[in-house]
Amino acid sequence: MATTATDALVIVFAALEADEQREALERMTVLRARQGAGEMSDTERVLRSMRLVAAHVGHAPSVDEYKQAREELRAAGEDAEPLTRVIRHFGSWRRAKEALTLSETTTARRIEARFRYRRMGKVWRYNEDVLRETLTRCAEHYGRPPLVAEFEWWRDRELELARAEGNDTLHLPSATPYRRRWGAWEAALLHHGYTPDQVAERLEQV
């Protein structure tokens, strides 16, 4: 029997850490409450702005066209979301334009589900070479094996730097695939060649 989108989401949800499951449930609760009240979701609001601008300029806009068209629309009494909000919501301008294209044939809810599934599914695509290289780069930054919080801070910083340089295609694993594959962060460090003494000493150096 073919796996449905619902089945796939359930499988991914079951693989999340407990705190990630709680966050996902909280977000779904808020989403259902908004839908029950007839309130427009964040994705719907942002897509509405994208469509307004696209209709105004006659095609899928560039960043500069979006900013200019938003000012012209606001002067005419039509409100549109700021460019920064659009990019922040989708993670990049490229993904925002992808969502705009998808909105021609599907709903905002399906677009949200598509992007959410894509983000959650990434943890399964990291092979050991990528995990080893990422951990090694982080350890070189600190000069020792990192704590989980340090790894996540370093990862966020690397992604922010890449986005600032216009690279929105960089993907780095979070701590989750390490803990999922080896059972614990410390076990992942040991697997990648750090000694028990190095793993223990890192706690004394923060």
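Summary of computed values
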quantity	calculated
All Cα pairs of segment 76-195, percent lying beyond 20 Å	53 percent
Environment charge at Arg74 (Cβ cut-off 13 Å; Lys +1, Arg +1, Asp -1, Glu -1)	-3
Sorted by Cβ density within 10 Å, fewest first, the residues Ser174, Ser62	Ser62, Ser174
Residue-count net charge about Glu140 - beta-carbon cut-off 15 Å; Lys, Arg +1, Asp, Glu -1	+3
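Where a number appears in this text, it was derived from the coordinates with a stated rule and is not lab data. Just so we're clear, the structure is a prediction, and the values are computed from it rather than from any experiment. Counting neighbours? That spans all protein chains shown, and the Cβs are built from the backbone with ideal geometry, glycine included.
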